[in-house]
């Protein structure tokens, strides 16, 4: 059985840019191709589109992102299993043995989505490191200067 992935917003942004790094991540993990479609938290839809609005993407770019990316993933809503995982991960972050970890709430929802789905979270940032691997399996896709 193929491994399932939850894409962090940072990965969606690489895909939306349509440059070499986006193609690299898509190829490495088999994203947006035939077979198993990646999972995305509904929270990431909001984050990505809000970023697009702040950066003046325009209607054409937003339509491309919706059609080529967001419509080709499985969107996970904030269901009871995701809410339960959120509570668990918030507590784990607040009571971390090395001291409390203050996570952004959107990152917490995205991590909870991965936890509830039993999927690996793919990200470009280290915000999830303290949860890996005890609570969420995380793959770190190295950042670039793109």
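Each reported figure results from applying straightforward, stated rules to the coordinates on display, with no laboratory input. All values reported here derive from a predicted model rather than from experimental measurement. Neighbour counts are summed over all protein chains in view; Cβ atoms, including those assigned to glycine, are modelled from backbone coordinates with ideal geometry.
Between the stretch 113-133 and the stretch 49-65, what is the separation of their alpha carbon centroids in Å?
26
Kindly put 24, 139 in sequence by how many other C-beta atoms sit within 10 Å of each C-beta, fewest to most.
24, 139
Can you sort 57, 109 so the residue with the fewest Cβ neighbours within 10 Å comes first?
On the way: 57 17, 109 23.
Ordered by Cβ neighbours within 10 Å, fewest first: 57, 109.
Viscosity 0.692 mPa s, temperature 37 °C: Stokes-Einstein D of the stretch 5-140 from its Kirkwood Cα radius, in µm² per second?
216
Which angle from 0 to 90°, rounded to the nearest 10, does the C-alpha axis of helix 42-54 make with the longest principal axis of the chain?
Tilt relative to the chain: about 50 degrees.
If each residue of separation counts as 0.36 nm, what is the full-extension length gain between residue 42 and residue 98 once their alpha-carbon separation is subtracted?
Net length gain for the segment: 17.1 nm.
Quickly estimate the mean residue ellipticity at 222 nm for the chain, helices only: each DSSP H run with n ≥ 4 gives -39500 (n - 2.57), and the total goes over all residues, rounded to 500.
Calculated mean residue ellipticity at 222 nm is -15000 deg cm²/dmol.
Between helix 105-117 and the chain, what is the angle of the helix's C-alpha long axis to the longest principal axis, kept within 0 to 90° and rounded to the nearest 10?
Here the helix axis deviates by roughly 80 degrees.
In percent, what relative contact order does the stretch 5-140 have, based on Cα pairs under 8 Å that are 6 or more apart in sequence?
This gives 30 percent for the stretch 5-140.
Indicate the gyration tensor shape class of the stretch 1-77 (rounded, prolate or oblate), computed on the Cα atoms with a ≥ b ≥ c the square roots of the eigenvalues: a/c under 1.5 is rounded; otherwise a/b larger than b/c is prolate and the rest oblate.
Details: a/c = 1.99, a/b = 1.47, b/c = 1.35.
It is prolate, given that a/c is not under 1.5 and a/b is the larger ratio.
If you fit an axis through the alpha-carbon atoms of helix 20-29 and take the longest principal axis of the Cα set of the chain, what angle between them do you get, 0 to 90°, nearest 10?
Orientation of helix 20-29: about 60 degrees from the principal axis.
Return 124, 27, 75 ranked ascending by Cβ neighbour count within 10 Å, so the fewest neighbours appear first. Intermediate results must be reported in sequence, preceding the final value.
Details: 124 18, 27 11, 75 14.
Ordered by Cβ neighbours within 10 Å, fewest first: 27, 75, 124.
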